[in-house]
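Computed from the coordinates by the stated procedures, all read-outs in this text should not be read as laboratory data. Here the structure is a predicted model, which is why all the values come from computation and not from measurement. Ideal geometry is used to build each Cβ from the backbone, glycine not excepted, and the neighbour counts take in all protein chains shown.
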Amino acid sequence: MSKIYKNCQSCGIPLKKDPQGGSHNADGTKNTMFCSYCFENGQFKQPDFTVDQMKQLSKEKMVEMGFPKFLAGFFSKSIRKLERWK
């Protein structure tokens, strides 16, 4: 059985906040590790991103979603600990 993640293991957003409810693998099955912003049809949407680029994008998206900037910065610090970046 695969591990259940609460947050996307690429950008860190809560998977329950993903409007698509998560992403999909190449075979159409549900992917429970990554959100639809980062991963679709079995591949990353930004395959060449560095962890620092993902932190910046994540911070911008959180601010767009209404998070205060200091909180967005705080949350984006933990991105380098996610599975994709290990």
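Adding -39500 (n - 2.57) for every DSSP H run of four residues or longer, then dividing by how many residues the chain holds, sets the calculated 222 nm ellipticity at -7500 deg cm²/dmol.
Note: relative contact order over the chain, using C-alpha pairs below 8 Å and six or more positions apart, is 28 percent. The Cβ shell under 15 Å around Gly73 holds other residues with a net charge of +3, Lys and Arg each +1, Asp and Glu each -1. Remark on Gln9: its backbone amide H falls under 5 Å from those of Phe34, Cys35, a criterion applied only to residues 5 or more positions apart or on other chains, H modelled at 1.01 Å from N. Counting neighbouring beta carbons within 10 Å and listing from fewest to most, the residues Lys6, Lys77 come out as Lys6, Lys77. For the Cα atoms of the chain, what angle does the longest principal axis make with the long axis of helix 51-64, in degrees from 0 to 90, nearest 10? That works out to roughly 70 degrees. Annotation: amide H of Phe39 within the under-5 Å range of Lys45, sequence separation 5 or more or interchain, hydrogens built in the peptide plane. Derived scalar couplings between HN and Hα for the stretch 22-28 equal x, 10, 10, 7, 4, 8, x Hz in order, rounded to whole Hz, by the Karplus curve 6.51 cos²θ - 1.76 cosθ + 1.60 (θ = phi - 60°), x for Gly and Pro.
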